[in-house]
1. Pick out the one residue from Leu127, Leu108, Leu136, Leu180 that is touching a strand residue (DSSP E or B) at 6+ places or on another chain (Cβ under 6 Å) and modelled with pLDDT of 90 or more.
2. Between Ile148, Ile168, which is outside any strand (DSSP E or B) and either among the β-branched types (Val, Ile, Thr) or more than 30 Å from Gln37 (Cβ to Cβ) (or both)?
3. Can you name the condition, by its number, that Ala18 falls short on among (1) in a helix (DSSP H, G or I); (2) open to solvent by 90 Å² or more (accessible area, probe 1.4 Å); (3) not charged (D, E, K, R)?
4. Could you tell me whether His86 is open to solvent by 70 Å² or more (accessible area, probe 1.4 Å), of a type outside the set (A, V, I, L, M) and more than 26 Å from Glu57 (Cβ to Cβ)?
5. State all residues of region 143-156 that are within 19 Å of the chain's Cα centre (by Cα) and either more than 15 Å from Ile82 (Cα to Cα) or of a type in the set (Lys, Arg) (or both); if no residue qualifies, say none.
6. On the basis of being closer than 22 Å to Ala169 by Cβ, surrounded by 16 or more Cβ atoms within 10 Å (Cβ to Cβ) and hydroxyl-bearing (Ser, Thr, Tyr), does Tyr109 make the cut?
7. For region 51-136, give me every one of the strands (runs of 3 or more DSSP E) that falls completely inside it and has 1 or more residues that are more than 15 Å from the chain's Cα centre (by Cα) and over 15 Å from Ile160 (Cα atoms).
8. So Lys43 fits all but one of (1) charged (D, E, K, R); (2) free of Cβ contacts under 8 Å to residues at least 60 places away in the same chain; (3) open to solvent by 70 Å² or more (accessible area, probe 1.4 Å); (4) assigned to a loop (DSSP other than H, G, I, E, B); what number is the exception?
Amino acid sequence: IVCTIGITGNPDAIEGIANLVQLTTEVIVNQALLESQSEWQRKMSVHIFFELIEGSEVKGILKERIQKLPFELNQPFAVSIIRAKHKTSSHRTMIQYLEDYFYQQPVLYGHYQLDEYYVLSTNTNDLALHKMMNSLYTYLKKQFDIRIGVGKIVDELSRIPKSYQAAIAAVNEVDTASELTF
């Protein structure tokens, strides 16, 4: 039992409302469950990303977490770092925009630091990565003052820290150059 709801009144008068209340309650409970699962997925993605950029060996708990992802982490990989500040008074957060953009794509993304976010692309190549990041930049630039630094493509999970370092260097370079640097 998740909750109990009581309705009082004349049975003939509330019969139609009772079904509506039951349906509404079921929708609210289902929404809360989906939000909880989404938050759990987000937190797991953050843990995986931080362990990978630290150069942790893929075994034990990290391996289990990777296996629970809704997609496989297939090589090659590339890390991108996004610096974003709201331009508008939009109520939507950057994470919500990233969720919409990367819906059901084999990409790990999340909040990195204050105004920074990460994207770990899997099973990618130079052309696909450039196309995806240019498209993402176009998608986000209306709502955010945005800078994107893209790291080098690497063939092994153990080399992700190198891609991450290149992405950090690229996003720092972006601050003095254009808005998107590879």
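The values are calculated or read from the model by the stated rules, or taken from the named source; none is laboratory data. What you see is a predicted model, and the numbers here were worked out from it, not measured in a lab. Don't worry about glycine lacking a Cβ; one is built from the backbone with ideal geometry, like all the others, and counts go over all protein chains shown. These accessible areas exclude ligands, DNA and RNA; they are computed on the full protein's heavy atoms, side chains included. Shrake-Rupley method; radii C 1.70, N 1.55, O 1.52, S 1.80 Å.
1. On inspection, the qualifying residue turns out to be Leu108.
2. From the options Ile148, Ile168, the qualifying one is Ile168.
3. So the condition that Ala18 fails would be (2).
4. Judged against the criteria, His86 is a match.
5. Answer for region 143-156, where residues must be within 19 Å of the chain's Cα centre (by Cα) and either more than 15 Å from Ile82 (Cα to Cα) or of a type in the set (Lys, Arg) (or both): just Arg147.
6. In short, yes.
7. Output list reads 77-86.
8. Checking Lys43 against (1) charged (D, E, K, R); (2) free of Cβ contacts under 8 Å to residues at least 60 places away in the same chain; (3) open to solvent by 70 Å² or more (accessible area, probe 1.4 Å); (4) assigned to a loop (DSSP other than H, G, I, E, B), the one that fails is (4).
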